[in-house]
Amino acid sequence: MFLTDETDIYTYFEIIERVEPDRILDVGMFLKRIGSVSRQVKDKEILPGKQLTGVDFFPDFQCPVWSTVYNEIYKPDDFFVPDNKKEYELAILFQMEQYIEKSKVASMWKWLSLHTKYLVTDWNIEIISNTISIPTEKEIRINEKSYRLIFFRELI
């Protein structure tokens, strides 16, 4: 569950800085998983005016500080549902493949494709494209790691 990969940490903050989203969806609560107690790591920061929503796949491990780091926190079963109409400019999903129930993967990807403009992930692109249509995507290689920046659509 805990993450220490510096490339993932760098990529998380760098993508947010470059995309400049106002509404960010953190699927898997990356900041929680790296042990961050704020929106800042080294010289990188998510500005306070940015809406940061977390989807917590590890609700048994709690610390009150995360309610100040994230504007909203949801459990997956309460978030990836058809009546949730929230939209995000950027969703981030790192190192979560093994933690998401196989039976719920398709509905999660479908929801993300309908409610986010951009998504960056380290999931295998073939697995994703077997589940949903990917209009445009670009591989991002940093050090020896590969990520995918997926462009779904313009937001309403």
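Applying the set (1) under 15 Å from G28 (Cα atoms); (2) assigned to a helix (DSSP H, G or I) to F61 leaves exactly one unmet item: (2).
Taking the range 29-51 as the range and being assigned to a loop (DSSP other than H, G, I, E, B) and in contact with a Gly (Cβ under 8 Å, 6 or more places away or on another chain) as the test, only M29 passes. Considering the range 34-89, and only residues there that are over 26 Å from T7 (Cβ atoms) and among the hydroxyl-bearing types (S, T, Y), the residue that is most open to solvent (accessible area, probe 1.4 Å) turns out to be T68. Scanning the range 131-147 for residues that are buried (at least 16 other Cβ atoms within 10 Å of the Cβ) and hydrophobic (A, V, I, L, M, F, W, C) yields I132, I134. For R18, indicate whether it is surrounded by fewer than 14 Cβ atoms within 10 Å (Cβ to Cβ) and modelled with pLDDT under 95. Answer is yes for this residue.
Conditions (1) in a helix (DSSP H, G or I); (2) more than 20 Å from Y12 (Cα to Cα); (3) in contact with a strand residue (DSSP E or B) (Cβ under 6 Å, 6 or more places away or on another chain); (4) not aromatic (F, W, Y), marked per residue:
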{"position": "P82", "(1), (2), (3), (4)": "no, yes, no, yes"}
{"position": "K85", "(1), (2), (3), (4)": "no, yes, no, yes"}
{"position": "A91", "(1), (2), (3), (4)": "no, no, yes, yes"}
{"position": "Q98", "(1), (2), (3), (4)": "yes, no, no, yes"}
{"position": "V105", "(1), (2), (3), (4)": "yes, yes, no, yes"}
{"position": "W111", "(1), (2), (3), (4)": "yes, yes, no, no"}
{"position": "V120", "(1), (2), (3), (4)": "no, no, yes, yes"}
{"position": "I128", "(1), (2), (3), (4)": "yes, no, no, yes"}
{"position": "S133", "(1), (2), (3), (4)": "no, yes, no, yes"}
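Among the residues of the range 116-125, none qualifies, meaning not one is among the charged types (D, E, K, R), more than 24 Å from S38 (Cα to Cα), open to solvent by 60 Å² or more (accessible area, probe 1.4 Å) and in contact (Cβ under 8 Å) with a residue 24 or more places away in the chain.
If you check I128, I150, I100 for being crowded, with 18+ Cβ neighbours inside 10 Å, more than 16 Å from T53 (Cβ to Cβ), without any contact (Cβ under 8 Å) to a residue 24 or more places away in the chain and not acidic (D, E), only one passes: I128.
The values are calculated or read from the model by the stated rules, or taken from the named source; none is laboratory data. On a predicted model such as this, the values are computed, not experimentally measured, just so you know. Please note: Cβ atoms are built from the backbone with ideal geometry, for glycine as well, and neighbour counts cover all protein chains shown. Heavy atoms of the whole protein, side chains included, go into the accessibility calculation; ligands, DNA and RNA do not. Shrake-Rupley method; radii C 1.70, N 1.55, O 1.52, S 1.80 Å.
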